[in-house]
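First comes the structure, then the notes that go with it.
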Amino acid sequence: MWLWEANKEFILKERKEKQFQYVLALYKKYWYLFLAYLGIVVLNIFTLVKFNKTK
């Protein structure tokens, strides 16, 4: 029982590190998608501001 408690903390730490590396790999692989999404959001904001001023 004591051995499991000691290993549980280590296993959770390893899982957390593995998940962090996985997310980091996704960001590195698909960084352009996040940039494109941000560009679309900025264009929408500018368009909404422009059309609200013309009223």
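The values are calculated or read from the model by the stated rules, or taken from the named source; none is laboratory data. The structure presented is a predicted model; accordingly, all values stated were derived computationally and were not measured. Virtual Cβ from ideal backbone geometry, glycine too; neighbours counted across all protein chains shown. Accessible surface is based on the protein model in full, side chains and every heavy atom, while ligands, DNA and RNA are left aside. Shrake-Rupley method; radii C 1.70, N 1.55, O 1.52, S 1.80 Å.
Using the 1.4 Å probe convention, the accessible area of the chain works out to 108 Å² per residue with neighbouring protein chains retained. Taken one residue at a time, the phi angles of region 32-46 give Karplus couplings (6.51, -1.76, 1.60, θ = phi - 60°) of 5, 5, 5, 5, 5, 4, 4, x, 5, 4, 5, 4, 5, 5, 4 Hz. Gly and Pro are set to x. Taking 0.36 nm per residue of separation and subtracting the Cα-Cα distance, full extension of the segment from Val23 to Ala36 would add 2.8 nm.
What number in nm² do you get for the chain if you take the convex hull of its Cα atoms and divide its surface by four?
Numbers: hull surface 24.1 nm².
Quarter of the Cα hull surface area: 6.0 nm².
The C-alpha atoms of the chain define a longest principal axis, and helix 2-29 lies at about 30 degrees to it. Its Cα centre serving as origin, the chain has a Cβ charge dipole (Lys and Arg +1, Asp and Glu -1) of approximately 440 debye.
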